[in-house]
Amino acid sequence: MVNHYSFNAKRKTQNGKRYLMVRFKVILAVTVVVLFLFTLLASAPARDPRPWDQPVSCPKCQSDRVVYILYGEPKLDAELQRALDSGKVELGGCILTPDSKRWECRKCKYSWGKVIPDQ
Ligand SMILES: [Zn+2]
């Protein structure tokens, strides 16, 4: 009776160990998959923030329909093209003067933000 009991207890312990091992393997597998996905996401090329992405509102009328004026000859990529199409960005041309402004409000036409800082 005692022997039988201890045999069962031993088997139970072995089953418990096996169960723990399976659980450990599952946790390990999940961890590896999560780490792999995380590495994949982290290695994805991070979108470099564009200056027109920052939330800016007109200092005069508080409208957020403002245009970022881009000077010079920018490299036209898909993102800039989208910004130009949506009217978020306008090209200001190559000529920069001390009066050139960085932002313009679509609502009240106020423009602000010096491109060339004061000397
Ligand atoms: Zn305005």
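For the range 73-119, filtering for residues that are within 16 Å of the ligand (Cβ to nearest atom) and more than 19 Å from Asp48 (Cα to Cα) leaves 15. Looking only at the range 86-119, residues that are among the acidic types (Asp, Glu) and within 19 Å of Val56 (Cβ to Cβ) come to 2 in all. Scanning the range 47-67 for residues that are away from the ligand (no atom under 16 Å from the Cβ) and either outside any loop (DSSP other than H, G, I, E, B) or touching a residue at least 24 places away in the same chain (Cβ under 8 Å) (or both) turns up Arg47, Arg50, Pro51, Trp52, Asp53.
Could you please let me know if Leu70 is away from the ligand (no atom under 16 Å from the Cβ), in contact with a strand residue (DSSP E or B) (Cβ under 7 Å, 6 or more places away or on another chain) and either more than 15 Å from Trp112 (Cβ to Cβ) or part of a loop (DSSP other than H, G, I, E, B) (or both)? So Leu70 passes the test. Pairs are defined by a Cβ separation below 9 Å, a sequence spacing of at least 6 or placement on different chains, a first member in the range 81-96 that is on the phi < 0 side of the Ramachandran plot and without any contact (Cβ under 8 Å) to a residue 24 or more places away in the chain, and a second member that is surrounded by 14 or more Cβ atoms within 10 Å (Cβ to Cβ) and assigned to a helix (DSSP H, G or I); the pairs so defined are Glu90/Leu84; Leu91/Leu84.
Throughout, read-outs are computed from the coordinates displayed, never taken from laboratory work. The structure displayed is predicted, hence computed values, not measured ones. Cβ coordinates were reconstructed from backbone atoms using ideal geometry, including for glycine residues, and neighbour counts include every protein chain displayed.
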